Each structure stands twice: as structure tokens, then as C-alpha cells.
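Where a number appears in this text, it was derived from the coordinates with a stated rule and is not lab data. Worth saying up front: this structure is predicted, and the values here are computed from it rather than measured. Note that we place each Cβ from the backbone using ideal geometry, even for glycine, and neighbour counts take in every protein chain shown.
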Amino acid sequence: MIQGFAVLLSLQLIGEVVSRALGLPVPGPVLGMALLVVALALWSKTDRPDPLEHGRPLERAADGLLASLSILFVPAGVGVVQYLDLIEAEGLPIAASIVVSTAVAMLATVATFRLVKRLQGRTEEETEA
């Protein structure tokens, strides 16, 4: 499990260093997560055995983090309670922005999915010809 946390924290550190060094508007942990996805995708295409296979430490670290995920929402809940008067005064605009942003995010996800699906369809057709 320690090895899994070490991998996750190392990739987060690399993402943070890259983000700050290049002045990117993307947070370091997001870059680290993207690096993890890229690394796992590249590794899955090789014939080498999984370096983290023994005991699956990355999987155990992820499961440990997910098991305690509810604790991470406590500060957000405290923040909501702290600003209840503001939420009461501005409740309608807040609710409207949540509904609109959720709808826009869902539409963007569908559009992205359809675009990727269309591009994959063309790629498959081109490779078959």
C-alpha cells in the first residue's frame, strides 16, 4: 500500500512541479492524474508484467482513499453551514447556476463522446481498407 501511495504522490509532485514551472492554469494534482492515466495506458500496451502486480499496491491505495472519501466532504459541509445566511439570500441564483452548469457539462460530455465515437469509427474503417 505504501508503494501505491508513493506512486500517486510522486505523480502528483511531478504534476505540481510541471504546473508551477510552466505557469500552467491547471492544478498539479490534475496533471499528476493525467500522467497516471497516460502511464497506465502506455504500460498496458507493453508485454512486460505489471510492476505493481505483486499485492496490487496501487489498487489497495486507491481503495483506501475511496473508503475514507466521505471524510473529505466534512470541510465542505462546514463551509455550507457557515454561509447559510448567504445561501439563503442568494439561493435562487446559486440553484440556477448549478442546474445550468450541470446541463452544460452533460451536453459537453455527450458531444465529446459522439465526436470520439465518430473519430474511432473513421479510424476503424481506414484500418480495414
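Give SER97, SER19 a once-over and let me know the one that is surrounded by 10 or more Cβ atoms within 10 Å (Cβ to Cβ), touching a helix residue (DSSP H, G or I) at 6+ places or on another chain (Cβ under 9 Å) and of a type in the set (Ser, Thr, Tyr). Give the derivation first.
Working: SER97 fails: touching a helix residue (DSSP H, G or I) at 6+ places or on another chain (Cβ under 9 Å).
Step by step, each of SER97, SER19 is checked, and only SER19 is surrounded by 10 or more Cβ atoms within 10 Å (Cβ to Cβ), touching a helix residue (DSSP H, G or I) at 6+ places or on another chain (Cβ under 9 Å) and of a type in the set (Ser, Thr, Tyr).
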Cβ-Cβ under 6 Å pairs, at least 6 apart or on other chains, segment 15-41 side without any contact (Cβ under 8 Å) to a residue 24 or more places away in the chain, far side of a type in the set (Phe, Trp, Tyr) and assigned to a helix (DSSP H, G or I)
none
When ALA61 is evaluated against the numbered criteria (1) touching a residue at least 60 places away in the same chain (Cβ under 8 Å); (2) among the hydrophobic types (A, V, I, L, M, F, W, C); (3) in contact with a Pro (Cβ under 8 Å, 6 or more places away or on another chain), which criterion, by number, is the only one it fails?
(3)
